[in-house]
Amino acid sequence: MVNKNKIDLDQQKYKIKDEELLEYEISTIIQQTPDRSILGGIRQAIYHANDTLSIRYGYNRKTGVIVPDTIRRVPNGFRSWMRDKLGKAPVVLDTTLTHETATSMRNFLNQKAYFDAKITYDIDTQGHKATVEYHIQTGMPILVDSVFFHSEDSIIRQILALIYPKTILQPGQPLSLENLTKEKQRLALAI
């Protein structure tokens, strides 16, 4: 069961602007998030008490052994409502989802212009609880060096000269997908 997720932005050579915002945005990508509400344990108990698909176990007094209960409960509307609305299933550790989360984090950092980002993860298990820690090395972002517009058509060249001062891509800023998309939309509206 996933108990906790940690994000560790390792010591970077490059000072990250808005490090807390970047860490928050990365934390929203995590696919296996445990229930952190005050009623977390109660919600899981309600889920298991009303789950008709899981195998129940009972104590056999004659043999003194815990055995699977072969009597199945019939699902009804109230039980389903209790399980789905009030209860919450436990978050079971899935290493495939953990790997997909790391890949999604790397893709997100690529969109933020961190093309040399390296993401690794460690899974620490204690009993039936697991803590997943993601180690992130962003590397140096790709920065805009200079911006110029070029066109063979003289009319478009005049329009580009008029709208050049309002460009979103400024030298020294990261070459992120968001900035490129905004600049593309701005140019499409201007021409």
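Multiply the residue separation of T181 and I42 by 0.36 nm, subtract the distance between their alpha-carbon atoms, and state the gained length in nm to one decimal. Provide the component values of the computation, followed by the final result.
Numbers: separation 139, 0.36 × 139 = 50.04 nm, distance 4.58 nm.
So the chain would gain 45.5 nm between T181 and I42.
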In what sequence, largest accessible area first, do S151, S27 appear using a 1.4 Å probe?
-> S27, S151
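Quick check on my link table: of K4/K88; K6/K85; K112/K184; K62/K88, which ones sit more than 23 Å apart, alpha carbon to alpha carbon?
Beyond 23 Å: K6/K85; K62/K88.
Please give the length that would be gained between N3 and H135 if that part of the chain were fully extended, namely 0.36 nm times their separation in residues minus their C-alpha to C-alpha distance (nm, one decimal).
Working: separation 132, 0.36 × 132 = 47.52 nm, distance 1.75 nm.
Using 0.36 nm per residue and subtracting the Cα-Cα distance, I get 45.8 nm.
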Over the chain: helical MRE at 222 nm, DSSP H runs n ≥ 4 each giving -39500 (n - 2.57), nearest 500 = -10500 deg cm²/dmol
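Work out, in µm²/s and without decimals, the Stokes-Einstein translational diffusion coefficient of the chain at 25 °C, 0.890 mPa s, Rh from Kirkwood over C-alpha pairs. Intermediate results must be reported in sequence, preceding the final value.
Working: Rh = 21.5 Å.
So the translational diffusion coefficient is about 114 µm²/s.
Between S154 and E19, what FRET efficiency follows from the Cβ-Cβ distance if R0 is 45 Å, with the result rounded to 0.05? Let's see the in-between values first.
Details: r = 46 Å, r/R0 = 1.03.
For R0 = 45 Å, the calculated efficiency reads 0.45.
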Sequence of M105, M140, M82 when ordered by accessible area, the most exposed leading, probe 1.4 angstrom = M140, M82, M105
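The values are calculated or read from the model by the stated rules, or taken from the named source; none is laboratory data. Everything numeric in this text was worked out from a predicted model, so none of it was measured. Neighbour counts are summed over all protein chains in view; Cβ atoms, including those assigned to glycine, are modelled from backbone coordinates with ideal geometry. When the accessible area is computed, the model is the full protein with side chains, heavy atoms only, and any ligands, DNA or RNA have been set aside. Shrake-Rupley method; radii C 1.70, N 1.55, O 1.52, S 1.80 Å.
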